[in-house]
Amino acid sequence: MGHIGTAVGAKDVEITSGPMEASELVEAVRAMCGSDPGFTIYNTLVLVGESEAFVPASGGRLIGNEEEVVLIPFSHGG
């Protein structure tokens with residue numbers, strides 16, 4: 001969403017590697033952007049499914065295969 005989607009150049013992205021920590025997921029998406037995309041594990045909210053939201057910098061949350069995730073920058077524009 002927001003400038004994350006703009007930096008990646010797509011609204012939806014499928015990552016096919018196995019389960020990974022949320023911080024690794026954000027870093028994988030950042031790597032798709034080239035230069036500094038303006039979002040990090042510290043300023044991105046991760047929504048998993050319809051019931052869980054957290055900042056990946058808080059650590060430890062493993063994102064499993066087939067889980068739907070939405071990345072929202074803190075400055076998403078409302």
If a residue must be among the hydroxyl-bearing types (Ser, Thr, Tyr) and either in contact (Cβ under 8 Å) with a residue 60 or more places away in the chain or under 17 Å from residue 17 (Cα atoms) (or both), how many such residues does region 30-78 contain?
1
Could you pull out the residue among 28, 53 that is loosely packed, with under 14 Cβ neighbours inside 10 Å and assigned to a strand (DSSP E or B)?
53
When (1) in contact with a strand residue (DSSP E or B) (Cβ under 7 Å, 6 or more places away or on another chain); (2) farther than 19 Å from residue 11 by Cβ are applied to residue 35, the one that fails is (1)
Within the bounds of region 8-19, is there any residue that is assigned to a strand (DSSP E or B), exposed (fewer than 13 other Cβ atoms within 10 Å of the Cβ) and of a type in the set (Asp, Glu)?
no
Can you tell which of 41, 72 is under 20 Å from residue 8 (Cα atoms), not aromatic (Phe, Trp, Tyr) and not in a loop (DSSP other than H, G, I, E, B)?
72
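Since every read-out is calculated from the coordinates, none of them should be taken as a lab result. Model, not experiment: these values are computed from the prediction. Positions of Cβ are backbone-derived with ideal geometry, glycine not excepted, and every protein chain shown enters the neighbour counts.
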